[in-house]
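Let me begin by presenting the structure, written as structure tokens, before commenting on it.
The values are calculated or read from the model by the stated rules, or taken from the named source; none is laboratory data. All values reported here derive from a predicted model rather than from experimental measurement. Cβ sites come from the backbone with ideal geometry, for glycine too, and all protein chains shown count toward neighbours. Side chains included, ligands, DNA and RNA excluded: accessible areas come from the protein's heavy atoms. Shrake-Rupley method; radii C 1.70, N 1.55, O 1.52, S 1.80 Å.
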Amino acid sequence: MIGTTPKPFEEITDALKGYDKIAVIGCDGCAKVCMTGGSDQVAEMAEKLKKNGKSVLFAMSPERTCYVGKTKTSLDPQLDKLKEADALLVLGCGGAVQITRQVLENYGLTIPVKVGLDSVGHMDTLIMGELAIEQCQECGECILNETGGICPVTKCAKSLLNGPCGGAENGKCEVDSKRDCAWILIYNRMAALGELDKLRRFMEPKDYSKMAKPRRLNIKERKVE
Amino acid sequence: MKLTELFDKGEFVITGEVGPVKGCLRSTAGSKLPQCAQEAELVRNVVHAVNVTDNQSAVMRLGSLAASVKLKERGFEPIYQMTCRDRNRIALQSDLLSACSLGIDNVLCLTGDYTSLGDHKTAKSVFDIDSVQLLKIAKGLNEGHDMMGNALTQSTNLALGAVVNPNFEPLDLQLLKMEKKIEAGAQFFQTQAVYDSAVFEKMVKKTEKFGVPIQYGVVIIKSPQMGKFMNENVSGITVPAWIIEEMGKVAKQDRKKKAIEITAKLIREIKPMVQGIHFMPLGWADIVPEIMKAVSSAA
Ligand code: SF4
Ligand code: SF4
């Protein structure tokens with residue numbers, strides 16, 4: 001999922017300054033899992049905005065706000081109210097905000113769309129409702145087959161491909177002593193698999209052109225273009 | 001002069017580290033010698049070459065290349081340290097060409113301390129390539145081509161050094177990387193600070209067969225507080241309790257004397273296992289000559 005954290009409320013009211021009639025759009029996908037933009041948080045935000053003197057036209061959470069089809073289906077019945085809105089507040093990732101803007105543009109509506117969350121990356125949930133961690137940054141050329149299923153590009157602070165830096169201590173990373181050194185994890189995993197010799201292979205510098213932004217995914221042909 | 005020539009001749013190679021100043025080095029009338037040059041002067045008669053750090057600990061300073069060139073002008077042999085933290089593969093290769101063009105003969109290729117440890121914590125970390133890849137790329141430049149295989153009008157001619165941390169657990173993982181560095185092009189190694197000859201011996205037993213020269217890395221412990229600080233804050237280094245105790249026992253004004261004694265003792269124990277010593281004096285460069293004197297007088 002895409003991880004999100006709430007922006008401070010003052011930052012949100014600042015962004016909404018001068019706009020009175022607000023619609024709040026959350027996301028029942030990732031933002032719900034992060035407890036930042038699901039139906040509950042959207043309702044809470046609507047209340048807070050009302051207390052702050054705004055009139056809230058409606059508040060809802062599409063099933064997945066980053067998906068243009070689902071967002072449109074959710075917004076279609078609200079079109080009349082949307083036309084009245086001074087601004088939209090989206091409690092979703094940066095993608096959800098931009099898809100919402102695109103849906104509005106498709107309706108022919110030019111309304112400011114503001115974001116109420118900060119997006120913090122692709123996250124994997126370890127403990128539901130408690131903890132998610134970043135383990136993949138979509139480098140476009142997955143090397144997990146070489147590294148025992150543990151990603152050094154993401155889990156090593158320095159994205160080292162040919163082994164650890166000298167700084168790990170007690171198995172922890174020099175950058176953050178609460179975090180395991182990715183290379184020690186990889187080493188232990190490869191040792192357990194009896195495949196340590198595979199780590200001797202020189203890993204070529206990564207092809208970062210595969211991460212050159214913005215990428216486009218041709219879903220039909222299943223390729224990046 | 002390349003350090004590899006000294007090792008080849010069987011010379012016991014001594015080097016000392018200096019950190020470039022935080023500021024510009026444009027000399028004006030009456031300007032006094034910058035700190036890094038003063039530190040180099042203190043060890044001039046005991047070292048073969050001077051390591052020049054690259055924005056060490058991610059603290060922004062004068063560039064390692066400019067400081068290296070300035071030291072070369074003063075008759076020192078610089079070892080230009082290069083980290084992968086701040087530059088991508090284009091800038092690193094270009095700087096290697098620049099270094100060779102400016103008369104640099106030795107490069108030490110490192111990963112680099114992470115950005116958040118330094119004084120520009122909000123900077124974007126680069127780490128486009130790692131130290132093993134940097135060594136391979138530098139070797140390629142020596143052979144006349146860039147990493148994409150494009151021919152150079154003139155090759156570089158650089159001796160390539162690397163680092164290894166004998167304290168690392170698991171050691172075999174660190175040595176796996178060391179072997180990769182050798183295969184990639186590393187011709188000599190400098191170690192992280194070690195305060196236990198048994199730790200060093202454990203490593204040397206496994207690295208002897210690699211056949212590359214290793215310099216023992218020495219960080220002088222200046223006070224009991226520094227020893228404790230390093231144990232708590234500098235990852236990858238362990239300062240044993242006996243050193244902290246001994247330094248704590250003497251009066252402040254006698255600490256240098258004690259440091260000479262302790263460091264010389266460690267060097268005497270480890271010297272037979274290595275091909276040189278690399279000093280990282282952190283402000284106490286003045287006692288390096290005395291340490292070396294103490295080492296040889298007891299020998
Ligand atoms: S190598 Fe790492 S960053 Fe790249 S796709 Fe695989 S898991 Fe993701
Ligand atoms: S300690 Fe390990 S995870 Fe941290 S930067 Fe070094 S190699 Fe990467």
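A few points about this structure:
- Fraction in percent of alpha-carbon pairs per bin - 10 Å, chain A: 8, 26, 26, 20, 14, 6, 1
- Where B:Thr53, A:Thr13 fall by accessible area, highest first, once all protein chains stay in place (1.4 Å): A:Thr13, B:Thr53
- Sorting B:Arg268, B:Arg85 by accessible area puts them as B:Arg268, B:Arg85; the probe is 1.4 Å, largest comes first, and only protein heavy atoms count.
- Each residue of the range A:92-103 was assigned a 3J(HN,Hα) from its phi angle through the Karplus expression (A = 6.51, B = -1.76, C = 1.60, θ = phi - 60°), giving x, 6, x, x, 4, 4, 6, 5, 4, 4, 5, 4 Hz with x at Gly and Pro.
- Members of A:Lys21/A:Lys50; A:Lys32/A:Lys70; B:Lys205/B:Lys228 lying beyond 20 Å, as alpha-carbon distances in this model show: B:Lys205/B:Lys228
- Semi-axes of the equivalent ellipsoid of the protein assembly as shown are 53, 25, 23 Å, computed as sqrt(5λ) over the eigenvalues of the C-alpha gyration tensor in descending order.
- Semi-axes of the equivalent ellipsoid of the range A:2-122 are 18, 18, 12 Å, computed as sqrt(5λ) over the eigenvalues of the C-alpha gyration tensor in descending order.
- Using R0 = 25 Å, the C-beta based FRET efficiency linking A:Asp86 and A:Asp40 works out to 0.50.
- Near A:Asp118, the amide H atoms lying under 5 Å from its own belong to A:Thr5, A:Lys7; only residues 5 or more places off or on other chains count, and H is placed 1.01 Å from N.
- A cut-off under 15 angstrom between Cβ atoms defines the neighbours of A:Asp197, and their net charge, with Lys, Arg +1 and Asp, Glu -1, is +1.
- Exposure ranking of B:Trp242, A:Trp183 by accessible area [1.4 Å probe, largest first]: B:Trp242, A:Trp183
- Heavy atoms of B:Met147 accessible to a 1.4 Å probe, total area in Å² rounded to 10: 50
- Derived scalar couplings ³J(HN,Hα) [the range A:58-73; Karplus, 6.51 cos²θ - 1.76 cosθ + 1.60; whole Hz; x for Gly, Pro]: 6, 9, 7, 10, x, 4, 8, 6, 7, 10, 4, x, 5, 5, 5, 4
- The angle between the Cα long axis of helix B:171-184 and the longest principal axis of the Cα atoms of chain B comes to about 40 degrees, rounded to the nearest 10.
- For a straight C-alpha distance cut-off of 16 angstrom, the aspartates and glutamates reachable from B:Lys139 (same-chain residues fewer than eight places away being disregarded) are A:Glu204, B:Asp95, B:Asp105, B:Asp130, B:Glu179, B:Glu183.
- B:Asn55 long-range amide H proximity, modeled H, under 5 Å: B:Arg61, B:Ser64
- Virtual spin-label span in nm between B:Lys22 and A:Asp197, 7 Å along Cα→Cβ: 5.1
- Acute angle (nearest 10 degrees) that the helix B:131-142 long axis makes with the longest principal axis of chain B, alpha-carbon atoms: 50
- For the range B:3-297, the equivalent ellipsoid derived from the alpha-carbon gyration tensor has semi-axes of 30, 23, 19 Å in decreasing order.
- Annotation: amide H of A:Val113 within the under-5 Å range of A:Leu88, sequence separation 5 or more or interchain, hydrogens built in the peptide plane.
- With Cα atoms, 0 to 90° folded angle of helix A:182-193 axis to chain A main axis: 60
- Think of it as helices only: each DSSP H run of n ≥ 4 in the protein assembly as shown is worth -39500 (n - 2.57), and spread over all residues that comes to -10500 deg cm²/dmol at 222 nm.
- Calculated SAXS-style log₁₀ I(q)/I(0) at q = 0.12, 0.21 Å⁻¹ - the range B:72-217, Debye, Cα scatterers: -0.54, -1.30
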